[in-house]
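Rule-based calculations on the coordinates, nothing more; no lab input. What you are looking at is a predicted structure, and each value in this text was computed from that prediction instead of being measured. Positions of Cβ are backbone-derived with ideal geometry, glycine not excepted, and every protein chain shown enters the neighbour counts.
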Amino acid sequence: MKPLSHLQIDFMGRRKFAYIVSAVMLIASIAAIIILKLNFGLDFTGGTLIEVRYGAAPSLDAIRVLLEESGFQDVSVQTFGASTEVLIRLQQAFDADVGGEVVNLLRSSGDSVNLVRSEFVGSQVGDQLRDQSGLGLLVALGVVMVYVAFRFQYKFAIGALLALMHDVIIVVGVFALFQLDFDLTVLAAILAVIGYSLNDTIVVYDRVRESIRTSRIDDMPQIFNEAINATLSRTLATSGTTLLVLLALLLLGGDMIENFAIALLVGIVVGTFSSIYIAAALLLPLKLSREDLIPTKKELDEEEEELP
Amino acid sequence: MLNRYPLWKYLLILVVLVVGLIYSLPNLFPEDPAIQISSAQGDSLDERQIERVETALIENDIDVKALEKENGQWLIRLRHDDDQLNARDIAADLLGNDATVALNLAEATPEWLQAFSASPMTLGLDLRGGVHFLLEVDMDAALTQRLEVNASAMRELLRGERIRYRNTEVEERSLSIDFASAEDRDTARSLISRDFPDFEYSSEGDGRASSLVMTLSDQSVNEIQDYAINQNLTTLRNRVNELGVAEPMVQRQGPNQIVVELPGIQDTVAAKRIVGATANLEFRLEARPDTPENETETLTFRNEPARTAELMRDVIITGDSVSSASNSFDENGRPQVNIDLDGTGGTLMNRATRTNIGRNMAVLFIEHKSEDTVVTDPETGEETIEREPYVERGLISLATIQSALGNSFRITGLDSPTEAAELALLLRSGSLAAPIYFVQERTIGPSLGAENIERGLLSVQIGLLLVVLFMLVRYKVFGVFANIALALNLTLLVAVMSMLGATLTLPGIAGIVLTLGMAVDANVLIFERIREELRNGMSVQQAIQAGYERAFTSIVDANITTLLVAVILFSIGTGPVKGFAVTLSIGILTSLFTALMVTRAMVNLVYGSKPVKKLWI
């Protein structure tokens, strides 16, 4: 019995095309990451710290704009102790001249500015973060695979893992390709993408499992289509609300959240796509069959449906 | 009857919500930027002077929110963060030497909420700024400490090979050992140089005056110093950001300094104690009466300076081998610290205690401190501060080894529960590879401009509004349920974050709203399922029941998988990754509670156990 109001899109029929799209995006992403490399932000690279003293309290926004217009990247400007003392952090490899350069620039607008000190500052995150978090991610993926294999079946676990890697690589690839600033907020966004993508994949899987158990036909692509179509309105609603939030953040939020929003925007679009075409569609070449999901002894009532 | 909840479920929901409300409410009363004025002489200030300050502030377009007098001190609360520094400068100029003017964040939480020890989340360095500490790492001490460790290992090596040595001496960059004969020295040299390639060796003297001098090469000095800085950075990060939600900034500055910035700190004394503490532990055996004197050391007890004990020079393990530590109380209500050792530490401890049952083992509490003295140059009259570092060592316990110790044990003999808690935190977060000293302490303004903050907050509000509208349009009455659940979800999330002492940054706020955008997923799943079952011809009550029931496995599977990732990231990750995992886990748990239980309760209250013909969904 098919729900009348449901669209019936033949998702699986177009899976070859989707594979090609995925492959192209993956190759482009990996190439971008290897050739162009990630453009790490101040959080990761460290840079130069400059302390200056003004004659009279300056406007911090004006200093920010001035420095950014002069080509300095990732500028942070803060008052330091008194309203006339300003601490500036720049993502600029430290050399002895940077301090003088910045002071000259600030003097050009007519203020009296003195350099108190200029010094190199290290990254805000240590090697420990990279090593530990990388390890954490690997362990997390391993445990998730075991859980999915236990709750569903190992073929599902493989699909979920590939979908997850697909999403992360493409989001990171976009940041490498367009040389966007990769800082700690982007890292948080990528972790959020992992959560979202996994969530989406499991919801689709759950419906696939249910459809396989209850469906009377044996044509797997057809069963997959039914399952995906049944979750389609949910998928659109959830990614819809999330995308609404992200669009608001991207368009109105300003510099600080811009990259955060871009990472998630890309991640959610790709994550939704991969739940269907990577996580689910890959179950076909993995030769998922009804026997994989229906234990032979338990759930006798469902076994009846297997009879031709 | 379908769709009815037993009373206890309603009560449970009510209790959780009330608790959530209490602990999230303080965030509606953010701390006020304020300046604190106290008299320099200690007497109370003239009210007219305060009035003059107020007039001056108003003349300079600074909005004054309130004037308060407390314990002879005046607190001027301001409306805008930007004005704080300016206001302090104005007040300080006006009052001159009569008064001390300091920045302050004045708590605005009503007293009845403070009674529940509820407090608001701290605003991050990007939104409000905080306090900036500049610390200097004592590089000389880093070298000496490393040399001491090497000397101890060399002594053990020589003893193992039965080579007799007389004296070991540690100097700035070198280490020397005296031997009774040149042959001993030469054998020792070939033995030691095999294990310690970082040194440059030279043999000095002859016969009974022969000694071996080992000097660190420039390269290994650099390596040791780099290691010391990096180790200290890691340790400080762990100390100030245990859960990963405190959003501090810890970075290296120049060759031997470290910057620590903490958001929204008012009690800089407490912060300095944790940041600058260099406490460590050493476990040593008590000397036997026949132990040669050059292998022992006499130390006093921390609580009873008159009592002393003779200890072995060799250290069994130090606090560096501790893998985790927590504080609690022993049977007699005295504070204690429970310690778990890492693998190597456990083996060393076991080996040392197994063969020494019946002897006493001492726990030594070591603190690096420094004393500043102002020195005036007799020629130029310039004043410079000279820092004299010194080390305080004191025994905190001396107990008989009853049986071989393993990986975990406890130590007592601490002064107070606070000291136990701080020692546990310090042991957990790792030890400092070299002592550190405070060089500078300043307040620091927000790193984001006012315009950026405003835009960020506006975008977040609009994002939230869009989600609410979307749910209303799509699910009508059920959309109202979902939106109420969303509001409660936000309340609970904020309540838990406040209880954990989390810091709110702009990306953090964006993350919370994003969590809410994603949290509607559970409700969307349920509502879509109800619609589907209605289309399939089920009755209203059956459809509601089936919708919740069938969506349940999807929701639980999806959320448990994500929760697994979060829990693992929390246990392995560090710093911001850990913080993200905390927020994610809380978000999952609160949204599961509100989406499953709270909306169901509302649906049951409105539609349950009565004839309903049509659902507005």
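Rg/Rh for the protein assembly as shown (Cα atoms only, Rh after Kirkwood) is 1.02. So what's the gap between the Cα centers of the range A:38-97 and the range B:388-443, to the nearest angstrom? The range A:38-97 and the range B:388-443 have Cα centres separated by 39 Å. Based on Cα contacts under 8 Å between residues 6+ apart, chain B shows a relative contact order of 17 percent. Give the residue from A:Val204, A:Phe175, A:Met256 lying farthest towards the positive end of the charge dipole for the range A:167-270; charges sit on Cβ (+1 for Lys and Arg, -1 for Asp and Glu) and the dipole is referred to the Cα centre. My answer, from the dipole projection, is A:Val204. The charge dipole of the range A:198-269, taken about its Cα centre with unit charges on the Cβ atoms of Lys, Arg (+1), Asp and Glu (-1) only, comes to about 240 debye. Computed from Cα positions, the angle between helix A:98-107 and the longest principal axis of chain A comes to roughly 70 degrees. Plainly put, the range A:115-191 has a radius of gyration that is 1.16 times its Kirkwood radius, both from alpha-carbon atoms, as the Rg/Rh ratio. Counting only alpha carbon atoms, the long axis of helix A:184-214 and the longest principal axis of chain A meet at about 10°. The eigenvalues of the Cα gyration tensor, multiplied by 5 and square-rooted, give the range A:154-296 an equivalent ellipsoid with semi-axes of 33, 15, 10 Å from largest to smallest. Between the listed residues A:Ala82, A:Ile27, A:Pro58, the Cα displaced farthest toward the positive end of the dipole of the range A:16-123, a dipole computed from Cβ unit charges relative to the Cα centre, is found at A:Ile27.
Scaled against the 2.2 N^0.38 Å expected of a compact globular protein of N residues, the Cα radius of gyration of the range B:522-617 reads 1.35. About its Cα centre, the range B:249-375 has a charge dipole of approximately 160 debye under the convention of +1 per Lys or Arg Cβ and -1 per Asp or Glu Cβ, with nothing else charged. Would you compute the Debye intensity of the range B:473-571 from its alpha-carbon atoms alone, equal scatterers and no solvent, and pass along log10 I(q)/I(0) at q = 0.10 Å⁻¹ to two decimals? Each listed q corresponds, in turn, to -0.37. Within the P(r) computed for the range B:78-234, what percentage of the Cα pairs occupies the region above 28 Å? For the range B:78-234, the share of Cα pairs beyond 28 Å comes to 54 percent. About its Cα centre, the range B:372-473 has a charge dipole of approximately 980 debye under the convention of +1 per Lys or Arg Cβ and -1 per Asp or Glu Cβ, with nothing else charged. Using the alpha carbons alone, the radius of gyration of the range A:1-105 stands to its Kirkwood radius in an Rg to Rh ratio of 1.38. With contacts taken as Cα pairs under 8 Å at a separation of at least 6 residues, the range B:1-143 carries a relative contact order of 32 percent. Under the rule a/c < 1.5 gives rounded, and otherwise a/b versus b/c splits prolate from oblate, where does the range A:232-274 land using the Cα gyration tensor? Note, shape of the range A:232-274 comes out oblate.
Hey, what did the range A:182-263 get for relative contact order, percent, Cα under 8 Å, at least 6 apart? Relative CO of the range A:182-263 lands at 39 percent.
From most to least packed by mean Cβ count within 10 Å, the peptides B:424-436, A:11-23 give B:424-436, A:11-23. The residue among B:Phe580, B:Gln257, A:Gly122 whose Cα reaches farthest toward the positive pole of the charge dipole of the protein assembly as shown, with charges on the beta-carbon of Lys, Arg, Asp and Glu, is B:Phe580. For the range A:80-129, take every pair of Cα atoms, bin their distances at 10 Å starting from 0, and report each bin as a whole percent. That works out to 20, 47, 24, 8, 1, in percent per bin.
Remark on chain A: ratio of C-alpha radius of gyration to 2.2 N^0.38 Å is 1.34. Pairs from the list A:Lys16/A:Lys287; B:Lys9/B:Lys610; B:Lys476/B:Lys613; B:Lys9/B:Lys476; A:Lys155/B:Lys578; A:Lys16/A:Lys37 with a Cα-Cα gap above 27 Å: A:Lys155/B:Lys578; A:Lys16/A:Lys37.
Across chain B, how large is the tail of the calculated P(r) beyond 37 Å, expressed as a percent of all Cα pairs? That tail contains 54 percent of the Cα-Cα pairs.
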